[in-house]
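A.B. asks: Mind looking over this structure? Questions follow.
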Amino acid sequence: MTPSKVTARVSAVTCALVAVLAAPAWWLGGPTAALGVLAGGALAVVNFRWLVARAITSSAGVAGGAWLVGAGLRLTAFTAASAGLLAFEWAHPVALLAGLSVLPCAVIVEGLRAAGAER
């Protein structure tokens, strides 16, 4: 499976699971919990896709300094978005963390699925 297919599948699975988790979050914690789950999932997907794009570019011969600057920009944007959501109390911190946690689970499941398909 190509990196672009894995990226697309992980993104789609993460978006679907986050959308499913937003409804119980709304019921349990109200709109800030639902927004926290949705925002966490969106931040995770954007961060993941940006990381994949930089990794593919890096394999094409980008210097280490450019990788470092790109990683710094990516993490600064991620931190600023998360801090803004929490500072303005638009998202519940636990819900934001729950939304962020969906993507690593999707990466593991898709990785295991791809490894099983290669057998």
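The values are calculated or read from the model by the stated rules, or taken from the named source; none is laboratory data. Just so you know, these numbers come straight off a predicted model, no measurement behind them. Every residue, glycine as well, gets a Cβ built from its backbone with ideal geometry; the counts of neighbours run over all protein chains shown. Note: areas computed on protein heavy atoms with side chains; ligands, DNA, RNA excluded. Shrake-Rupley method; radii C 1.70, N 1.55, O 1.52, S 1.80 Å.
A.B. asks: Determine the order of R113, R119, R54 by accessible area, beginning with the largest, at a probe radius of 1.4 Å. Walk me through the numbers on the way to the answer.
C.D. replies: On the way: R113 110, R119 240, R54 60 Å².
Largest accessible area first, the list is R119, R113, R54.
A.B. asks: Hey, another quick one. Farthest toward the dipole's positive end in the chain, which of A71, P24, W90, given Cβ charges of +1 (Lys, Arg) and -1 (Asp, Glu) about the Cα centre?
C.D. replies: It is A71.
A.B. asks: Now, a different point. How much area per residue is accessible in the chain when the probe is 1.4 Å and only protein heavy atoms are counted (Å²)?
C.D. replies: On the way: 7220 Å² over 119 residues.
The answer is 61 Å² per residue.
A.B. asks: When the chain is fully extended, how far beyond the present Cα-Cα distance does T2 get from L97, taking 0.36 nm per residue of separation?
C.D. replies: 31.3 nm
A.B. asks: Could you work out Rg/(2.2 N^0.38 Å) for the chain, with Rg from alpha carbons only?
C.D. replies: For the chain, the normalised Cα radius of gyration comes out at 1.17.
A.B. asks: A further question on this structure: Is there a quick way to get the dipole size of the chain? I mean about its Cα centre, with the Cβ of Lys and Arg at +1 and of Asp and Glu at -1; what is the value in debye to the nearest 20?
C.D. replies: Dipole size: approximately 320 debye.
A.B. asks: Around A106, what is the net charge, scoring Lys/Arg as +1 and Asp/Glu as -1 over all other residues with Cβ under 12 Å from its Cβ?
C.D. replies: Every neighbour counted, the sum reads +1.
A.B. asks: Roll a 1.4 angstrom probe over the protein heavy atoms and tell me the percent of accessible area of region 1-87 that is carbon or sulfur.
C.D. replies: In region 1-87, the share of accessible area belonging to carbon and sulfur is 77 percent.
A.B. asks: Tell me the accessible surface of I108 in square angstrom (1.4 angstrom probe, heavy atoms of protein chains only), to the nearest ten.
C.D. replies: For I108, solvent-accessible area is about 110 Å².
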